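Working notes for the structure below.
Here, each number is a calculation from the coordinates, and none is a lab measurement. Remember, predicted model here, so these are calculated numbers, not experimental data. Note that each Cβ is placed from the backbone with ideal geometry, even for glycine, and that neighbours are counted across all protein chains shown.
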Amino acid sequence: MALAWLLILVGARSEAVIEGSVALPKTRSTPVMNQRYEIVSKGGVIATNPPLAVVYLEGDFPAPEQAPVVQMPQKDLTFIPSLLPVRVGTRVEFPNLDDTFHNIFSFSPAKRFDLGRYRPDERPIPSQVFDVPGLVTLRCDIHEHMRAVVLVLATPYFVVTDEEGRFELTGLPAGRWTLKAWLNSRTTLEQPVELKDGGRVRVEFP
Amino acid sequence: MIAADNMPVSVRQYRAKLVVAMMLVILTLTVAALVVAQRNVAAGVEQELQREFQAELAALHNVQELRHAVLAERCRSLVRKPRIHAALEDDALDLLYPSARDELRDVMAAERGEGGYALHAEFYRFLDRRGGVISPADQPDGGALLPHEEAQLALPGVPERQQLGYLVRRNEAGEEMMSELIAMPIVSGETGEVIAALVLGFEPATFAGTRAVAGIDRGVWLGGRLRLKGLSAAEESALSEELTQAIARNGGEPASFERTVEGVPHLVFYKKLNPASLYPSAYEVCVYSLGGMLERQSELRWRVLGAGGLLLLAGFGASHALAKRLSRPVEKLAVNSEENLIQRVRAEAALEVTHQELQRAARFSADASHQLKTPVTVLRAGLEDLLAREHWTPEECREISALIHQTYRLSGVIEDLLLLSRMDAGRLTIDFRAVNLTELIDAAMDDLGTQTDDLELNVDVERPAALWVSGEKRYLSLILQNLLENARKYNHRGGRVRVTAQAEDGMVRLNVANTGPAIPAEAREHIFERFHRGGVGENVPGYGLGLNLARELARLHGGELELLRSDGEWTEFQVSFRLAPAAGRGV
């Protein structure tokens, strides 16, 4: 019933939807109480803990007319969110909501930068434009445990799964695409999808 | 003492043996002292060297510990650096060395500060997760290393614990030098995993500092080759070869061996510097010259030998003197025996002569007595025959009686002489028996009584009922008669004679005292001599044999005769005899 209603809704917009789930790796550690997602690097592999995945539709999409702006504040010595997928060309602002200095930097090849130390009331809000697709690990030079991942994607269609691995990607254009699921810095799964206007496709990443 | 040349052969041999024995003892002692002293020195030096080696190793260990501590701290602080993490994890190795620059600046400081050589690295490199070397490429931060040198820092995998290694490299001047490597894992604070390693190259602690003790060289054996300063190439390679074999033999255990280097014996100690390391094994090698020890040993040997020589010399003198002294009685004995022999022969000859003379004298006395007795007896018999005739006037009778009386006196003298000659010849033996002296005294008193009528003497006798003495009755009687005869002869008319006898202390003492003129003091010494008659007048009959005979007889009986007093009031003689043992006494 609800599904039919949804189909009607999507069809009305003539946009496709992909829903499904990604089999997330089992983690031994219990979920963090305050639902934070840490970026961990284990064996040279960067992932979130508890695991999350980013599902995105790969393809050659036209560049946006205006650079989108996203915020990734630091609060309680944590990046929020810790895993941030952005479209290429996005400006990410890093407001400091703590009472202490932060020093955001990245050595990642996709984006090297160093914001230097800045106060909570630093204005303009320090920001960076991520214009190369790839994984960018953010760290704070002052707080060694602070880490975040900005996944720069050449697509406007992406979504972060919930902790069960479920996702729903909406507003997709019809066509033959490759659906990818980023699990960690080393693992990205992909499946071809064919989307029709108003169509709904279910994709399971095993 | 007789001269050595004249010493009998046996004595000379004895003395020589004594000297040889003593010399042997001294020689043995000297050799023993030498051996013990030398062994002590050798053991002492070896112990000292061992201690030194251990101390050096301990010092080395301390330096290494310090470095490890510093390095571990460095790595802990490095791993806290987000930039290091970022460089390592985010595929930004080009930024690794610049990121670590600040952290390791003091470690790499060109100017050596307070920490000294121990904490200043010559170079450093990071190892990646697989143990491979992350090259700083063109950046100068990690210190200069040639590519093949850098490659030697690599490990089979990233180390879990610190690793100690050694690297032979060339410095800017092209000189070969050795570096001590310490590889320290960089452990992620979050996951506990080893994300990389830091390798620091130090100047080896072994080569640091100057030679602490003269005669000790230290080096490192690495990969079959020993590098020891101040050793010729040939010696170095020979020692390397030997060390390689010894290390293979002992399986890496610390050990030591002796070896002659450039003609001087050396003691070589070695100990693994980096046990359980992933880097190739390296050994600390200490080469101790035993030259000093040998010098000391030889010095000591000479000293002991000198002392031994002195001892030997002194010993020789002492033993000679001692031998001389010890052998003196033997020599004397030998000499004496010679002299004795002569003297003995002489004495024996003299004795023989004396004996013969004595025999002759005794025989003469006996013969003479015998020859005299017979005519006297004949004379007396003739006179008695003559007296028996009846035609003699009383005057003639008295004269003949006097002549007869003289023959008795003559017989008495002859008897006495005979007895004395027998005593002188040692032919008189006393037939000891128990004799009752009281009986003898009583008998003698009776005889005296018959002779004293004309003198009107008062005689007192005081004696126990029985008094047993040891002796021969006839001689004891003779002694008593002689004493009583004297007491009567040298008395005056109406005078007194007192005879007392008693036993005391196992002896019997018989005192005979008479009144009469005193014996002059100067005559007292001579009254017991033969034919001495004191100062008595010619009117007193006698020949001066009585007292002599009595004393000789008393002595033969184990007693004595002596004059107790002669003071004009009393003249008292005392004769002592041995009390007869109760067993031999008659009834």
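So which residue, out of A:P124, A:P51, A:P64, gets the largest mean-square fluctuation from a GNM of chain A using Cα contacts under 10 Å as springs?
A:P124
Taking the beta-carbon count within 10 Å as an exposure proxy, list B:D505, B:D94 from fewest neighbours to most.
Ordered by Cβ neighbours within 10 Å, fewest first: B:D505, B:D94.
A:R166's amide H: which non-local residues (gap 5+, or another chain) put their own amide H closer than 5 Å, with H modeled 1.01 Å from N in plane and none for Pro or chain starts?
A:V22
Please order B:Y97, B:Y14, B:Y124 by the number of other Cβ within 10 Å, starting at the fewest.
Arranged by neighbour count, lowest to highest, B:Y97, B:Y14, B:Y124 become B:Y14, B:Y97, B:Y124.
Averaged across A:40-51, how many Cβ atoms of other chains sit within 10 Å of each residue's Cβ atom?
Mean partner shielding for this stretch: 3.
Under 24 Å between C-alpha atoms is the cut-off here; go through the range A:2-205 and count lysine pairs that meet it, provided they're at least eight residues apart or on different chains.
7
For the Cα atoms of chain B, what angle does the longest principal axis make with the long axis of helix B:473-489, in degrees from 0 to 90, nearest 10?
With rounding to tens, the tilt is 60 degrees.
Please give me the summed charge of the neighbours of B:E284: other residues whose Cβ is under 9 Å from its Cβ, Lys and Arg +1, Asp and Glu -1.
After counting each charged neighbour, the total is +2.
What is the Cα centroid distance between the range A:82-104 and the range B:238-314, reported in whole angstrom?
Each part reduced to its Cα centre gives a spacing of 70 Å.
Sequence-distant or interchain residues sharing an amide H contact under 5 Å with B:I134, placed H: which?
Hits under the 5 Å cutoff: B:F126, B:L127, B:D128.
Per DSSP H run of at least 4 residues, take -39500 (n - 2.57); add these up for chain A, divide by its residues and hand me the 222 nm value, nearest 500 deg cm²/dmol.
After summing the helix terms and dividing by residue count, I get -2000 deg cm²/dmol.
With runs of 4+ DSSP H residues as the only contributors, calculate the mean residue ellipticity of chain B at 222 nm using -39,500 (n - 2.57) per run, divided by the residue total and rounded to the nearest 500.
-17500 deg cm²/dmol
Taking every residue in A:136-145, how many Cβ atoms of other protein chains lie within 10 Å of its Cβ, on average?
So the per-residue partner count for this stretch is 4.
Between A:G59, A:G134, A:G44, find the one with the highest GNM mean-square fluctuation for chain A; connect C-alpha pairs within less than 10 Å.
A:G44
If Lys and Arg each add +1 and Asp and Glu each add -1, what is the summed charge of the other residues whose beta carbon sits under 11 Å from the beta carbon of B:T500?
Local net charge: 0.
Using per-residue counts of other Cβ atoms within 10 Å, averaged over each peptide, order B:552-561, B:28-37 from highest down.
In descending order of packing, they fall as B:552-561, B:28-37.
What is the helix-to-structure angle for B:394-424, meaning the angle in degrees between its Cα long axis and the longest Cα principal axis of chain B, kept from 0 to 90 and rounded to the nearest 10?
10 degrees
Hey, what did chain B get for relative contact order, percent, Cα under 8 Å, at least 6 apart?
Worked out over chain B, it gives 10 percent.
Please label the shape of the range A:43-141 as rounded, prolate or oblate, based on the square roots a ≥ b ≥ c of the eigenvalues of the alpha-carbon gyration tensor (a/c under 1.5 means rounded; beyond that, a/b larger than b/c means prolate, else oblate).
oblate
Shielding of B:78-90 by partners, i.e. mean partner chain Cβ atoms within 10 Å per residue?
6
For a footprinting-style exposure proxy, rank B:H391, B:H61 by other Cβ within 10 Å, fewest first.
The fewest-first ordering by Cβ neighbours comes to B:H391, B:H61.
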